[in-house]
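Here is the structure we will look at.
Derivation of every value follows stated rules applied to the coordinates shown; laboratory data play no part. Treat the numbers as computed from the prediction; the structure is a model and nothing was measured. As a convention, Cβ positions derive from the backbone with ideal geometry for all residues, glycine included, and neighbour counts pool all protein chains shown.
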Amino acid sequence: MIAERRDHRSWRILTAGDSAVVVSFGEIASEVLNEKVRSFWNMLRNCYDGEERQNYVPNEVKILEAVPTYRDVCVYYDPCTTDFEKLIFFLDNLAQETERNIKNNEGQLNYGKSVIVPTVYGGKYGPDLKMVAAYNGLSTEEVVQLHSEKPYLVYMIGFSPGYPYLGGLSQKLWTPRRGNPRKMVPAGAVGIGGQQTGVLTIPSPSGWNYIGMTPLSFFDITKDPPSLVEPGDLVTFVPISEKEAMAMGLEGVKYED
Amino acid sequence: MKIESPLFEVLNGGPLTTVQDLGRFGYQWQGISPCGAMDELAYVGGNLLVGNSPGEAALEITLQGPTLRVLKDCIVSVTGGHVEIFINGESQPSWESFRVDKGNVISVGPVVVGCRAYLCVAGGIAVPSILGSKSTDLRVGFGGFHGRKLLRGDLISTTKTSVDPWSRLEGRRVPFEVLDLYEEFFSQKIVTLKAVKGPEDYHFTSKALTVLGSEIFSVSAQSNRMGYRLEGPKIEHNDRGPDIVTNCIPLGAIQIPGSGQPIVLLKDRQTSGGYAKIGVVASSDIYKLAQLRPGAKVSFQWVDLAAVHNMARDRKNLLSEIKFQKLGPARFFIIYLGQKKYNVTIKPWL
């Protein structure tokens with residue numbers, strides 16, 4: 001159900017139950033679209049400086065949190081204290097301002113911080129490296145080279161705490177998920193699943209192909225915010241030796257089939 | 001927050017008893033599930049009964065309650081599904097605040113009607129607040145009581161907050177308006193869940209929307225705090241199919257994967273997912289799912305947004321205007337009906 005259809009504008013606001021709306025910026029996921037998503041989301045975040053609401057946000061608009069994804073921002077609100085019409089009006093104006101800002105930037109893409117992910121590739125740390133290489137007709141060195149030579153954009157965080165959805169994996173490395181998922185894959189495992197690459201942030205069952213491990217922690221509950229990366233950050237994998245990894249705190253690794 | 005000396009020693013934790021509050025908000029963008037009490041109505045009612053603010057941490061009981069040794073006098077309530085409570089072997093009704101003394105053993109039995117219950121204590125349960133909440137995240141393993149369910153030997157403490165005099169707090173009962181809501185719901189053979197269409201209703205045939213809004217589904221055994229899997233007529237996607245580019249999952253979202261069988265996502269759900277969501281259950285009907293067990297029958301009713309907004313406001317008003325009745329001293333009777341003997345306790349309204 002469309003809450004408000006704005007045909008002459010490039011975004012739509014969709015109803016998602018009584019306590020959320022989805023501000024949708026387009027159909028095809030891309031870095032450019034995600035730029036719009038993050039720009040809107042950051043403006044929304046700036047409306048709430050900690051607990052304080054900026055005075056241009058109407059009193060009757062009680063936004064609880066906003067979550068960016070590939071193509072949309074989900075805005076959670078309190079239905080008991082929010083005037084729904086005013087909420088939509090407010091979000092429409094913010095989306096319009098986002099459009100203006102993007103136009104003014106003339107296609108320039110803004111990124112957050114750069115994060116280096118030191119990774120031990122292969123051996124017991126990456127039990128599927130040889131298989132990924134064979135599947136794609138490459139040597140293991142070529143796989144490591146292709147995987148680590150470019151930065152990946154963090155489109156969003158989801159699935160599990162701190163888990164970054166990374167975009168831009170080279171087509172030469174696309175490898176289908178395993179027929180039989182593993183029962184348990186350790187946190188820090190770096191893998192490829194279909195057209196995506198990523199790092200497991202908490203131990204989890206998984207059907208991805210794991211090519212390496214990082215001692216870097218993507219999720220630390222003692223920190224606020226507990227996630228290492230944010231949407232818009234750039235992640236680059238850098239090959240390191242087992243010795244260097246252990247010096248960084250990488251302990252024994254355990255994959256359970 | 002000053003943590004007092006322990007209040008309860010867990011003699012038996014029950015199958016799944018966890019510390020919950022209203023949930024963890026502001027961190028879904030980091031992939032952190034909100035968690036929190038599944039049946040917010042019973043949970044808030046229980047807290048208000050013992051003089052707490054609505055969001056104080058409490059114990060969520062699933063299917064069968066814990067047995068606790070009381071280490072300090074306190075005021076307690078148990079609310080939610082029909083459950084037997086015994087204090088040193090003596091029966092105590094639910095939906096009332098009552099006093100327990102040091103040395104007593106509280107035994108909360110099986111939930112015979114419904115699925116979940118809440119044990120609230122005046123002052124709230126003391127556990128560290130992580131990212132603004134005391135709720136347990138069972139999937140990741142943090143928050144609440146060491147990120148897990150209660151086990152034998154655990155010691156539960158309360159926070160030192162100023163509570164109203166016990167003379168005012170004990171012996172209060174939740175008004176009939178709330179009890180009637182539950183009785184009506186428990187008497188239904190098929191539970192109706194009001195829902196709003198969208199956000200990805202355009203992934204479904206119009207027949208699918210009609211089927212979901214009229215047919216009967218049953219709750220499968222694969223149902224838990226993350227979500228309830230339903231079994232019933234297949235809900236068909238149109239050419240767009242079940243897959244969407246990953247986006248957010250609000251509480252109560254009705255996801256339809258390729259199997260065509262609905263999953264209603266609940267408190268411990270993952271924050272994002274890639275299956276089309278045909279609709280979202282009204283937030284004020286989520287408590288019904290919290291009280292359903294495998295085998296229960298449900299149906300959905302499509303309503304418009306204004307209707308569910310009104311339901312949410314009505315629910316909030318019900319709780320904010322709640323007035324508790326004080327009960328007088330109990331009188332005990334034994335009633336014989338044919339061959340059966342019944343022990344009856346009567347407490348008058350004051």
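A compact table of results
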read-out	value
Most mobile of B:Gly46, B:Gly213, B:Gly80 in a GNM of chain B (Cα contacts under 10 Å)	B:Gly213
Above-threshold pairs, the threshold being 18 Å between Cα atoms, out of A:Lys62/B:Lys194; A:Lys62/B:Lys267; A:Lys130/A:Lys172	A:Lys62/B:Lys194; A:Lys62/B:Lys267
Kirkwood Rh (inverse of mean 1/r, distinct Cα pairs), chain B, angstrom	21.2
Paramagnetic label zone (point 7 Å from Cα along Cα-to-C-beta, A:Arg177; backbone N under 11 Å) in region A:204-240	A:206-209
Calculated from backbone phi, Karplus (6.51, -1.76, 1.60) coupling profile of region A:149-156 in Hz, x at Gly/Pro	7, 9, x, 10, 7, 7, 6, 6
Cα-only radius of gyration and Dmax that characterise region A:164-257, units Å	13.6, 38
Between 0 and 90°, nearest 10: helix A:31-47 axis offset from chain A longest Cα axis	60
Simple label model, 7 Å out from Cα along Cβ direction - B:Glu9 to B:Ser91, nm	3.0
Estimated vicinal HN-Hα couplings, Hz - region B:62-72 in sequence order (Karplus 6.51, -1.76, 1.60; Gly, Pro = x)	10, 6, 8, x, x, 10, 10, 8, 7, 9, 8
Backbone N under 16 Å from the B:Val112 label point (7 Å along Cα→Cβ), restricted to region B:319-349	B:335, B:337, B:340-345
Listed residues B:Ser259, B:Ser157, B:Ser107, most fluctuating in chain B (Gaussian network, C-alpha, under 10 Å)	B:Ser259
Shape category assigned to the protein assembly as shown from the gyration tensor of Cα positions, a/c cut at 1.5	prolate
Cα-derived Rg to Rh of region B:251-350, Kirkwood definition	1.19
Between 0 and 90°, nearest 10: helix A:84-104 axis offset from chain A longest Cα axis	60
Volume in Å³ per residue [convex hull over Cα atoms, computed for region A:42-188]	181
Size-normalised alpha-carbon gyration radius of region B:129-282, reference 2.2 N^0.38 Å	1.36
From phi via Karplus (6.51, -1.76, 1.60), per-residue ³J(HN,Hα) for region B:240-255 in Hz, x at Gly/Pro	5, x, x, 8, 10, 5, 2, 8, 6, 10, x, 4, x, 4, 9, 8
Relative packing of peptides B:279-285, A:132-138, B:16-22 - highest average C-beta neighbours within 10 Å first	B:279-285, B:16-22, A:132-138
Two-site FRET efficiency, B:Leu151 against B:Arg293, from Cβ-Cβ distance with R₀ of 35 Å, rounded to 0.05	0.90
Virtual spin-label span in nm between A:Lys130 and B:Phe332, 7 Å along Cα→Cβ	7.5
Residues A:Leu138 and A:Asn104, FRET efficiency given R0 of 35 Å [Cβ-Cβ distance, rounded to 0.05]	0.25
